[in-house]
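Presented below is the structure to which this report refers.
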Amino acid sequence: MKLAFSTLGVPGMPMPDVARLAAGAGYHGVELRAHPEEPVHPGIGADERARVVAEFRDAGIEILTVAGYVRAAQAGPDEPVLAGLRELLELAHDLGARHVRVFPGGGGQSPEEADATAARRLAAAAPRAADLGVRLLLETHDSHRTGADAARVLGLVGHGSVGAIWDVMHTWLGGEDPATSYPALFPHLGYVQVKDIASADDTTPLPLGEGVLPLTECVELLSREGWDGWLCWEYEKRWYPRAREFPELLAPGREHLLRLLTDAA
């Protein structure tokens, strides 16, 4: 498996510094948070996109994902959501990223309504994603927290350019164990987001291995099933400014994941 981290852990960090940080800590790739408060977002122009590509290429680091904030299932008209998806797909293509991350965001609707809304929009965007060689990934999050929730939507879409991100915190908070999450998500799985927290009531990010999330079980399961994709550490420093600084945790976190992989093997 390859290792990446999300720039949610280093909010506002310039892209050359992110690339150097990833290379120095021994990671293979990064998930770029695509938000206007960050250096990379859909509003940047062609020259800036080309500079970002060159910076990561020179550092030998892959841009794994453009992590957007489009909510595929949110109530309201389709076109603003589809426009947001198109912008993120174009950005990912220009950066050479494999994926675009989207959220469900279907709160306030029945599960059936939210499923249908998300599936309709993701299916509409799928042909453009295929043309660009980018995969839209629905993260297990908010209204669709579990693998079973996400799988309902993705089964309705039925397109290879639309898949899932398994956020192990959200499936756990949703009461779903890894042995249930994995088979539900496997047909659609893009990659796995790892993290650690103290408890369901305190989701302040912790160094990997210091909290309660079933990371060992997840890695053992993935290894046993022969899954060889990406593990991406999402450390939510942006939302928890008093959490420990992420750069100092990256190398120990990598070592922890490598130990889990070695033990699983």
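The values are calculated or read from the model by the stated rules, or taken from the named source; none is laboratory data. Everything quoted here is computed from the prediction, not taken from an experiment. Here Cβ is always computed from backbone atoms with ideal geometry, including for glycine, and neighbour counts include all displayed protein chains. These accessible areas exclude ligands, DNA and RNA; they are computed on the full protein's heavy atoms, side chains included. Shrake-Rupley method; radii C 1.70, N 1.55, O 1.52, S 1.80 Å.
The charge dipole of region 47-112, taken about the Cα centre with unit charges on the Cβ atoms of Lys, Arg (+1) and Asp, Glu (-1), comes to about 180 debye, rounded to the nearest 20. Over region 200-265, calculate the relative contact order: mean separation of alpha carbon pairs under 8 Å at least 6 apart, over the residue count, as a percent. Rounded, it is 51 percent for region 200-265. Computed about the Cα centre, the dipole magnitude for region 1-64 is approximately 160 debye when only Lys and Arg (+1) and Asp and Glu (-1) carry charge, each at its Cβ. Let's test the formula: R0 of 22 Å, r as the Cβ-Cβ distance of residue 53 and residue 83. What FRET efficiency results, to the nearest 0.05? Computed FRET efficiency for residue 53 and residue 83 comes out at 0.40. Taking a Cβ cut-off of under 10 Å around residue 78, the surrounding Lys, Arg, Asp and Glu residues balance to a net charge of +1, with basic ones at +1 and acidic ones at -1. Placing +1 on each Lys and Arg Cβ and -1 on each Asp and Glu Cβ, with no other charges, gives the chain a dipole about its Cα centre of roughly 400 debye. Computed over region 87-165, the convex hull of the alpha-carbon atoms projects to a mean area of 4.6 nm².
Solvent-accessible surface of region 76-131, averaged per residue with a 1.4 angstrom probe and all protein chains in place: 42 square angstrom. In percent, rounded to a whole number, the relative contact order of region 1-128 is 23, using alpha-carbon pairs under 8 Å and six or more apart.
Multiplying the residue separation of residue 20 and residue 186 by 0.36 nm and removing their Cα-Cα distance gives an extension gain of 56.5 nm. With contacts taken as Cα pairs under 8 Å and at least 6 residues apart, the chain reaches a relative contact order of 19 percent. Which whole-angstrom value gives the distance between the alpha carbon centres of region 193-243 and region 1-57? Each part reduced to its Cα centre gives a spacing of 20 Å.
Split the accessible area of region 126-188 by element, probe 1.4 Å, and carbon with sulfur accounts for 55%. Debye sum, Cα scatterers, region 150-265, no solvent: what log₁₀ I/I(0) at q = 0.20, 0.21 1/Å? Listed by q, the Debye log ratios stand at -1.13, -1.22. Loop-located GluC sites (Glu not before Pro) in region 1-100 (DSSP state not H, G, I, E or B) with no more than 11 neighbouring Cβ atoms inside 10 Å: 37. With the cut-off at under 15 Å, measuring from each backbone N in region 152-186 to a point 7 Å along the Cα-to-Cβ line of residue 212 picks out 169-177.
Only protein atoms count toward the accessible area here, which uses a 1.4 Å probe; on region 203-265, the carbon and sulfur part of that area reaches 46 percent. The residues neighbouring residue 14, those whose beta-carbon lies less than 12 Å from its own, together hold a net charge of -2 under the Lys/Arg +1, Asp/Glu -1 convention.
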